[in-house]
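Novice: For reference, the structure I am asking about is given below.
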Amino acid sequence: MTAVEKLSLKLKLGYGAGEFSSSIFWITMAFWLMNYLTDEVGLSAGLAGLAIMAGKALDAFIDPTVGFLSDRTKSRMGRRRPWFLFGAVPFGLAYFLMFTNPHASTQASMFAWASVSFILLCLAYSCANVPYNALMPELTTDYNERTSLTGYKSMYACVGTILGAGAGMPIIMGFGDRTTGFMAMGAIFGAMIVISVLTPFFAVREGARSGSAEPHGILGSNRAAFRNRPFVFILGAWTLNTCGITVVTATLVYYFKYLFNDEKLITPASVIMLVTSMAFIPGAVWLSGKIGKRPTYILGMSVVSVACLLIFFMGHVAGINAVYAIMFVTGVGLSSHYVMPWAIIPDTIDYDYAASGVRREGVYYGLWTFMIKIGQALAGLFVGLVLGLFGYVPDTVQSAESLLGIRLLVGPITAAFFLGGLAFLFFYPIDKKRYEEIRARIRERDLA
């Protein structure tokens, strides 16, 4: 692709559809996994958090390997597309398995099942998703066209997120008992995941590849990526922001269940936030074209931080309508998180290519997913430990201390993660002018 070539609507829609599977995965894991393990499977909050951390931490080391291998994959279908074809069905099946209650009789056996099932699910996710994201920088090199493509991708993400958050509770409650309901959710969403992963396989063709092959082994290639300062800054911001989102989404079901005595309220609250995010994605894309990607991301996550503090100080006393209003404000800011980091990371990959002449998109996206999982693992453990520290007991009237712990997780603790992400963003150096200089160096290299 040349810097001025525009992508077709068909390609944008077809490629973007792959993000639907990722959003279904992340939102249901974020909203339901902790609650499912504690209140349905019967695992203690501390062990549930440890199982999530262990699963993600162990699986996270697979992501850089998958990225590295996808960079070196050679087939008539290209480097990335074979991973879509052969990863779709295992991903859907592993998702279904995760929500199949084993009815284990001891905490140890519950913990072992939860850890192994979650490792398998995250592994299947990695094999489908890391190559999918690594394909994006190869589709266009245009600074604004990448943001546009990310906008389409993010629209699918919002649709999947809205469906996962909005339909999860009705499906779970619509089958007589929660055990059957969770299995039904696993089957329905698992089938959607398979279709989503296969769509970009049929919609996208991989073009010619410039640049030399990765000269290093997996450790050397990852060390080279971490010497890329712009990538480190956006990776730090993305990781901390993802930690914050993991903490708040894992805690919201407890917030509505115990502070408003109605866990079903999570559905309209989540839908308000996510529909608002989807509605404001075009605005985030437009604003990025006016003021740049970094300022747009900073502004959006600042809004989300303020919303978290509002829900801590006034949500439980002002009433549910006030909470809905806060969720609307959260959605406005969160739209930037759906678009900007994914539009920024290809620019950092080009920064590396301009300096090294080596294309290693898979390595970068492997590290990207690796840090997401490490961050989410620590955040999941953190939620479980805080709930346990403040005396949380499943399915009972909570103490004042337990309710405070839930409010702290939804409010100041989450906001602290976002503020840490903002600190990284302030040091991110690539704007549109800098990126054009990078592209000029790449053109000189390619012509040499």
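The values are calculated or read from the model by the stated rules, or taken from the named source; none is laboratory data. Keep in mind that this is a model prediction, so the values were computed, not measured. Virtual Cβ from ideal backbone geometry, glycine too; neighbours counted across all protein chains shown.
Novice: What's the total number of residues in the range 12-32 that are surrounded by 22 or more Cβ atoms within 10 Å (Cβ to Cβ) and either at pLDDT 85 or above or touching a strand residue (DSSP E or B) at 6+ places or on another chain (Cβ under 8 Å) (or both)?
Specialist: 13
Novice: On to the next question. Does at least one position in the range 271-282 carry a residue that is out of contact with any helix residue (DSSP H, G or I) (no Cβ under 9 Å at 6 or more places or on another chain) and part of a helix (DSSP H, G or I)?
Specialist: Among the residues of the range 271-282, not one is out of contact with any helix residue (DSSP H, G or I) (no Cβ under 9 Å at 6 or more places or on another chain) and part of a helix (DSSP H, G or I), which makes the answer no.
Novice: Any residue that is of a type in the set (A, V, I, L, M), in contact with a Ser or Thr (Cβ under 7 Å, 6 or more places away or on another chain), under 17 Å from Pro230 (Cα atoms) and crowded, with 24+ Cβ neighbours inside 10 Å - is there at least one of those in the range 339-347?
Specialist: yes
Novice: Based on what the data block shows, is Thr276 hydroxyl-bearing (Ser, Thr, Tyr), in contact with a Leu (Cβ under 6 Å, 6 or more places away or on another chain) and over 16 Å from Val410 (Cβ atoms)?
Specialist: No.
Novice: Only one of these is surrounded by fewer than 20 Cβ atoms within 10 Å (Cβ to Cβ), at pLDDT 90 or above, of a type in the set (Val, Ile, Thr) and in contact with a Leu (Cβ under 9 Å, 6 or more places away or on another chain): Val303, Val232. Name it.
Specialist: Only one candidate passes the filter, namely Val303.
Novice: In the set Tyr132, Tyr143, Tyr125, which member is at pLDDT below 85 and crowded, with 19+ Cβ neighbours inside 10 Å?
Specialist: Details: Tyr132 fails: at pLDDT below 85; Tyr125 fails: at pLDDT below 85.
After ruling out the rest, the residue left standing is Tyr143.
Novice: Within the range 50-97, can you find the residues that are under 19 Å from the mean Cα position of the chain (by Cα) and part of a loop (DSSP other than H, G, I, E, B)?
Specialist: Phe61
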